[in-house]
1. What is the residue count in segment A:118-139 for residues that are surrounded by 14 or more Cβ atoms within 10 Å (Cβ to Cβ) and either within 14 Å of chain B (Cβ to nearest Cβ) or closer than 13 Å to residue A:34 by Cα (or both)?
2. Does residue A:30 satisfy the criteria of being of a type outside the set (A, V, I, L, M), within 13 Å of the chain's Cα centre (by Cα), modelled with pLDDT of 95 or more and under 27 Å from residue A:125 (Cβ atoms)?
3. Name the one entry in B:163, B:138 that is at pLDDT 85 or above and either in a loop (DSSP other than H, G, I, E, B) or assigned by TED's automatic domain parsing to the domain that holds residue B:32 (or both).
4. Checking residue A:58 against (1) touching a helix residue (DSSP H, G or I) at 6+ places or on another chain (Cβ under 9 Å); (2) more than 14 Å from chain B (Cβ to nearest Cβ); (3) acidic (Asp, Glu), only one condition comes out false. Which one?
5. Scan segment A:10-49 for residues that are under 19 Å from residue A:115 (Cβ atoms) and not aliphatic (A, V, I, L, M) and jot them down.
6. With the structure loaded, tell me whether residue A:129 is among the aliphatic types (A, V, I, L, M) and touching a residue at least 60 places away in the same chain (Cβ under 8 Å) or whether it fails that test.
7. How many residues are more than 11 Å from the chain's Cα centre (by Cα), under 16 Å from residue A:2 (Cα atoms) and buried (at least 17 other Cβ atoms within 10 Å of the Cβ) when one looks only at segment A:34-56?
8. I need a count of the residues in segment B:5-52 that are buried (at least 17 other Cβ atoms within 10 Å of the Cβ), modelled with pLDDT under 90 and β-branched (Val, Ile, Thr).
Amino acid sequence: MRARELKGRPVLDVVEARQVGKVEAVVLDPEAGRVVGLMVKGDRPVLPVDAVKALGPDAVTVEGADALRLPQPGPEQRAVDGSLDPLGRLVLADDGTALGTLDDLEADDLDGTVRTLTVDGQAIEGDRLVGIGSYAVVVRA
Amino acid sequence: MNDVLVRAGDLIGRPVVTLGGDRVGELKDVVLGLGRGVLVGFTLRNPGFLGGPRRETLPWPSVHAVGADAVMVAGPDAFAEPQDLAPDGGHETVDLPLVTDDGQTLGRIVDVVLETGTRAQVVGFEIEPSPSLPSNGHRLLLPIDAMAAASEQAVVVPASVRHFVRDDLSGFGAAVAGFRAMSEDAR
């Protein structure tokens with residue numbers, strides 16, 4: 001999955017054939033180096049990666065609106081509280097050097113493992129991800 | 001990765017960022033410990049235009065890296081009370097006279113030079129030279145190593161440092177390396 005392509009994509013409940021929201025951002029767990037869910041606007045703002053039926057070209061599908069839920073403490077809570085969309089954020093190396101702005105993020109469709117970060121057009125290996133906060137995305141230098 | 005030499009004065013206002021990506025403060029000033037002329041930490045202010053000074057300090061061992069764009073710390077618990085920086089709270093060396101161990105006052109300290117990167121350390125002082133030193137009125141840079149002694153009255157350096165005086169940062173890295181190699185040989 002590419003975070004930039006997912007942004008704005010409708011979330012479709014295939015049981016009720018109803019749109020239950022739109023993807024706002026990916027939720028990152030930097031310690032695990034994974035996309036753990038998608039942030040969706042609304043009362044239940046988290047769609048865990050495990051609860052996704054398919055990442056289609058025109059919709060992210062789920063089986064039942066209850067696939068969406070409240071954020072759990074940790075990366076989900078931080079992402080929702082801070083509206084932490086990693087895209088567009090400053091990327092800092094852990095030696096204190098700014099590398100640019102995060103343009104895109106590519107992760108494995110099945111388990112969410114972050115493969116590549118695109119920073120000012122340059123690819124950075126996903127396993128260099130260290131943290132994401134309100135100020136910056138931090139990667140190993 | 002290139003380690004870069006910077007004047008501590010140029011670090012003021014640089015954001016302090018956790019590895020988790022949150023900005024937790026800005027550098028206000030450097031604090032040097034007495035006895036060995038080492039950097040013990042930084043004082044802080046709150047981020048932003050109206051950011052006031054902070055009581056907590058940032059001890060040097062808690063600094064993950066000093067970079068061109070940010071000072072990195074492991075987490076928000078990197079800070080400490082001022083008295084935890086050094087037994088005496090630490091001192092600024094700016095304005096102290098820099099004296100050689102054979103008794104010549106080289107000048108007055110105006111700034112501290114740090115080597116930055118993931119391995120950061122104090123490598124020298126910038127001085128306003130004494131009239132006795134040929135300098136054409138320029139400020140001068142002098143390397144130090146762990147042998148430098150400091151008190152609230154003066155900082156003392158080996159007389160051999162005279163051979164490694166420079167007037168700009170670009171040639172100073174080589175001077176630091178040369179001075180340290182010579183100090184090693186002398187031991």
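The values are calculated or read from the model by the stated rules, or taken from the named source; none is laboratory data. What you are looking at is a predicted structure, and each value in this text was computed from that prediction instead of being measured. Here the Cβ is made from the backbone with ideal geometry for all residues, glycine too, and neighbour counts use every protein chain on show.
1. Residues meeting the conditions: 14.
2. In short, no.
3. Every option except B:138 fails the conditions.
4. (1)
5. Filtering segment A:10-49 down to residues under 19 Å from residue A:115 (Cβ atoms) leaves A:23, A:25-38, A:49.
A:29, A:30, A:31, A:33, A:34, A:37, listed by residue number.
6. Judged against the criteria, residue A:129 is a match.
7. Taking segment A:34-56 and keeping what is more than 11 Å from the chain's Cα centre (by Cα), we get A:41-45, A:50-56.
Add one more test, that the residue is under 16 Å from residue A:2 (Cα atoms), and what stays is A:52, A:54-56.
Next, only the ones that are buried (at least 17 other Cβ atoms within 10 Å of the Cβ) stay: A:52, A:55.
Residues in segment A:34-56 being more than 11 Å from the chain's Cα centre (by Cα), under 16 Å from residue A:2 (Cα atoms) and buried (at least 17 other Cβ atoms within 10 Å of the Cβ): 2 in total.
8. 6
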